[in-house]
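S.K.: Please find one structure pasted underneath; my questions will follow.
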Amino acid sequence: MDAVDIARWQFGITTVYHFLMVPLTLGLGAVVAWFQFRWVRTGDERWLRMVKFWGKLYLINFILGVATGLVQEFQFGMAWSSYSRFVGDVFGAPLALEGLLAFFVESTFLGLWIFGWNRLPKRVHLATLCLAVLGSWISAFFIIVANSWMQHPVGVKLVDGRPRLVDLGSVLTNNTAIWAYLHTLLGALAVAGAFLLGISWYHLWQRRRDGIDTVDPRKRVVVGADPAIPGRDRVDHGVWISALRIGAVVAIVGFAGVAITGDQQGKLMFVQQPMKMAAAEAACETGSSFSVFAIGDVGSHDCGNVVNVIEIPGVLSFLANGNFDTTVTGVDDLVPRYQEKYGATIPDDKALYGAAAGTKVQYVPVMAVTYWGFRIMIGFGALAAFAAAVALFLTRRGTVPASKWLTRLALFGILAPFGANAAGWIFTELGRQPFVVAPNPTPGGIDGVWMFTAAAVSPGVSSGELITSLVVLGSLYLVLLVVEVALLVRYVRGGVAAAMPELAHGPDDDDSADGPDGGARRDDVLAFAY
C-alpha cells in the first residue's frame, strides 16, 4: 500500500473507534440530565440513584472519548497537510468554534457538575449538567458542519486554486449539515436507549435470579429486598425498571427520528452525490428499482460483477425524490459524466499525487461497502427499535423474564445501535471516494472546489512513518478499549452501590468517618468523581 492508503486506514480506524464513544456521550448525557431534573423536582431517591449510577458510566465514556478524539486534530496536520492547506480557510472556522467555545463550555460545566455535589444548590447543580450536555451537542454541531462541508461545499469562492470563506452563515446552515446533525443526535439517543435497556435488564434479571424479586400467580412482580447486599432494596428495583422502560422509549423514538432524517439525507444525496446514491443501491443501470438483495465480487468497483437478485420497482425513486416515477441515474451512466467533468485520469503530477499520478480515476466506490453498509445501518437500527418494543411488552408487569438467554440477548443488543452508527459513517465517508472534498453539482456549487483524496496526504510523510503511527495508535487504542470496557463492566456489575458508596453505611453512621473498609466518606464528592 502507498502512503494514501495507509493514511486512510489510520484515519478510518481512529475515527470509527472515537465515534463509538461520541454517540453514547451525546445520548446518555441528555438522559442523565433528565434523571437529575426529575430528582430535583420530586426529591425521589430513585432518580438520585439513577443520576449517580448512569452519571458514573457517562463520565467514564466521556473521558475516554476526549482522549481518543485528540488524535483526530493532530492527524490533519501530520498525515493530511495538503488537505489542511486546501480547506484551512473554511475548515478552520467550525473547528475553532468547537474547540474554543463548545469544548470549554462542556468541560468547564462538567467539572462543576462532578465536584459540585452537596456544594452547589440543587438547581444550580442541575444547570451545570444541562450546560455541559448542551456544550457537547454544540461541539457535535460544529464537527458535523465541518464534515458536511466536505460532502457539500458552500459559502466559498475560489481564490488562487483554494476555497476562501465568504459566507459563514451558508456553511453553518448547509442543508447537508442540518440533516446530518439531527440524524447524529437521534442516533445517539438510540444508542443511549439501548445502553439503558440492556444494563437495566441485566440487573432486574439478577434480582430474580437471587430470589430478591419474585412473581405472583398473575405474573406480576413482587418486589423484595436483601439487607445483606448494599443497595439491593425496594428502591433498587424502581431504579432498574424505570431506566429500562425509559431506555426502550428513547430507543424507539431515536430510531423513528433516524428514519425520518435519514430519508431526508437520501433525497439530498440523490442531488448532491448521485454516484454515492447509485452505489448504495448497486444501481448499475438507470431506473427506479430498489435492490433488496444483491451478490457480487467483494471489493469490486465494476458493475459487471454485481447481480441484483431481488428488486422492488419504484422504491428507489421514492427514496430519491418522494415519488415512484423519478429516474435514478445508474453507475454505468454516471461514470462518463464524472470523467467528462473531473477528468478520466489523475493529473500526472507526482509531487502532488504521488503514486496515483497519471492513473485512471476510480469514480465508483467499493460497492460491497456502500451497499451493505447502508443495509447494516438500517438493519441494526431497526433491530434495536424492535427489541425495545419487545422489552416494553415483556416488562409490562414490572420485571423481566427469568430466562438467561433473553438477558444475554439484551446485553448483546446494546451493540446494535453502535454498529448502525459505525456502518452509517463508513458508508458516508467511503461513498464519497475518490474525493476528500466532494464537488457540489447543484447551482450553488463553485467549479474547482473539490479535491481528490490522492492529493490530500502530506507529501513529506512516508509509508513507513504512517505504518509506524498506525501500529502505535492502534495498539494504544486497543489498550484504551480494554480500559474502558473493564471500567464499564466493573461499575455495571457493581450496580448503584458502586457509584454510591454511601449506600454501604447505615443511616446513623457518622458522615465524617471513613467507611468500614477505609473507603470514601458519605460526604466526600471524590467518591463520585473517582
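The values are calculated or read from the model by the stated rules, or taken from the named source; none is laboratory data. Everything quoted here is computed from the prediction, not taken from an experiment. Because the Cβ atoms are built from the backbone with ideal geometry, glycine has one as well, and the counts that use them run over all protein chains shown. Side chains are part of the model used for accessible areas, which takes the heavy atoms of the whole protein and leaves out ligands, DNA and RNA. Shrake-Rupley method; radii C 1.70, N 1.55, O 1.52, S 1.80 Å.
S.K.: Tell me which residues, restricted to segment 37-51, are part of a helix (DSSP H, G or I), of a type outside the set (A, V, I, L, M) and surrounded by fewer than 23 Cβ atoms within 10 Å (Cβ to Cβ). Talk me through it step by step, then tell me what you get.
M.R.: Of segment 37-51, the ones part of a helix (DSSP H, G or I) are 37-42, 45-51.
Narrowing further to those that are of a type outside the set (A, V, I, L, M): 37-39, 41-42, 45-47, 49.
Listed by number, the residues that qualify are 37, 38, 39, 41, 42, 45, 46, 47.
S.K.: Would segment 159-178 turn up any residue that is in contact (Cβ under 8 Å) with a residue 24 or more places away in the chain, open to solvent by 40 Å² or more (accessible area, probe 1.4 Å), out of contact with any Lys or Arg (no Cβ under 7 Å at 6 or more places or on another chain) and among the charged types (D, E, K, R)?
M.R.: Looking through segment 159-178, at least one residue is in contact (Cβ under 8 Å) with a residue 24 or more places away in the chain, open to solvent by 40 Å² or more (accessible area, probe 1.4 Å), out of contact with any Lys or Arg (no Cβ under 7 Å at 6 or more places or on another chain) and among the charged types (D, E, K, R).
S.K.: Tell me, which residue of segment 368-415 that is among the charged types (D, E, K, R) and modelled with pLDDT of 90 or more is surrounded by the most Cβ atoms within 10 Å (Cβ to Cβ)?
M.R.: Step one: filter segment 368-415 for residues among the charged types (D, E, K, R), giving 375, 396-397, 404, 408.
Then keep just the ones that are modelled with pLDDT of 90 or more; that gives 396-397, 404, 408.
Numbers: 396: 11, 397: 12, 404: 10, 408: 14.
Filtering first and then ranking leaves 408.
S.K.: Residue 316: touching a residue at least 24 places away in the same chain (Cβ under 8 Å), farther than 18 Å from residue 435 by Cα and crowded, with 16+ Cβ neighbours inside 10 Å, yes or no? Outline the logic, then answer.
M.R.: On the way: touching a residue at least 24 places away in the same chain (Cβ under 8 Å): yes; farther than 18 Å from residue 435 by Cα: yes; crowded, with 16+ Cβ neighbours inside 10 Å: yes.
In short, yes.
S.K.: Return the residues of segment 358-386 that are outside any loop (DSSP other than H, G, I, E, B) and closer than 11 Å to residue 282 by Cβ; say none if nothing qualifies. So that I can check it myself, show each step before the final result.
M.R.: As a first pass, look at segment 358-386 and keep what is outside any loop (DSSP other than H, G, I, E, B): 360, 367-386.
367, 368, 370, 371, 372, 374, 375, listed by residue number.
S.K.: Which of the residues belonging to segment 326-349 are part of a helix (DSSP H, G or I) and under 19 Å from residue 450 (Cα atoms)? Before you say what the answer is, go through the steps one by one.
M.R.: Step one: of segment 326-349, the residues part of a helix (DSSP H, G or I) are 331-342.
Correct list: 334, 335, 336, 337, 338, 339, 340, 341, 342.
S.K.: Check 349, 302, 333 and return the single one that is charged (D, E, K, R), out of contact with any Phe, Trp or Tyr (no Cβ under 7 Å at 6 or more places or on another chain) and modelled with pLDDT of 85 or more. So that I can check it myself, show each step before the final result.
M.R.: On the way: 349 fails: modelled with pLDDT of 85 or more; 302 fails: modelled with pLDDT of 85 or more.
Just a single option satisfies the conditions, and that option is 333.
S.K.: For residues that are among the small types (Gly, Ala, Ser) and closer than 19 Å to residue 493 by Cα, scanning just segment 222-238, find the one that is most open to solvent (accessible area, probe 1.4 Å). Spell out how you get there, then give the answer.
M.R.: Taking segment 222-238 and keeping what is among the small types (Gly, Ala, Ser), we get 224-225, 228, 231, 238.
The next check asks that each one be closer than 19 Å to residue 493 by Cα; those that pass are 225, 228, 231, 238.
On the way: 225: 60, 228: 87, 231: 12, 238: 15 Å².
Only one residue tops the list, namely 228.
Every residue, every condition in (1) over 23 Å from residue 390 (Cβ atoms); (2) open to solvent by 30 Å² or more (accessible area, probe 1.4 Å); (3) in contact (Cβ under 8 Å) with a residue 60 or more places away in the chain, yes or no:
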site: 185; (1), (2), (3): yes, no, yes
site: 189; (1), (2), (3): no, yes, yes
site: 196; (1), (2), (3): no, no, yes
site: 199; (1), (2), (3): no, no, yes
site: 202; (1), (2), (3): no, yes, yes
site: 208; (1), (2), (3): no, yes, yes
site: 214; (1), (2), (3): no, yes, no
site: 220; (1), (2), (3): no, yes, yes
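S.K.: For segment 450-474, give me each residue that is assigned to a helix (DSSP H, G or I) and either of a type outside the set (A, V, I, L, M) or open to solvent by 60 Å² or more (accessible area, probe 1.4 Å) (or both). Break it down stepwise before answering.
M.R.: To start, the set of residues in segment 450-474 that are assigned to a helix (DSSP H, G or I) comprises 453-455, 463-474.
Residues satisfying the conditions are 453, 463, 464, 465, 467, 468, 469, 471, 472, 474.
S.K.: Can you name every residue in segment 355-367 that is in contact (Cβ under 8 Å) with a residue 40 or more places away in the chain and open to solvent by 30 Å² or more (accessible area, probe 1.4 Å)?
M.R.: Result: 355, 362, 366.
S.K.: Ok, one more. Among the residues of segment 78-128, how many are open to solvent by 50 Å² or more (accessible area, probe 1.4 Å), without any contact (Cβ under 8 Å) to a residue 12 or more places away in the chain and under 30 Å from residue 462 (Cα atoms)?
M.R.: Looking only at that region, the number is 0.
S.K.: Any idea which of (1) in contact with a Pro (Cβ under 9 Å, 6 or more places away or on another chain); (2) open to solvent by less than 40 Å² (accessible area, probe 1.4 Å) is the one residue 420 doesn't satisfy?
M.R.: So residue 420 meets the others, but not (1).
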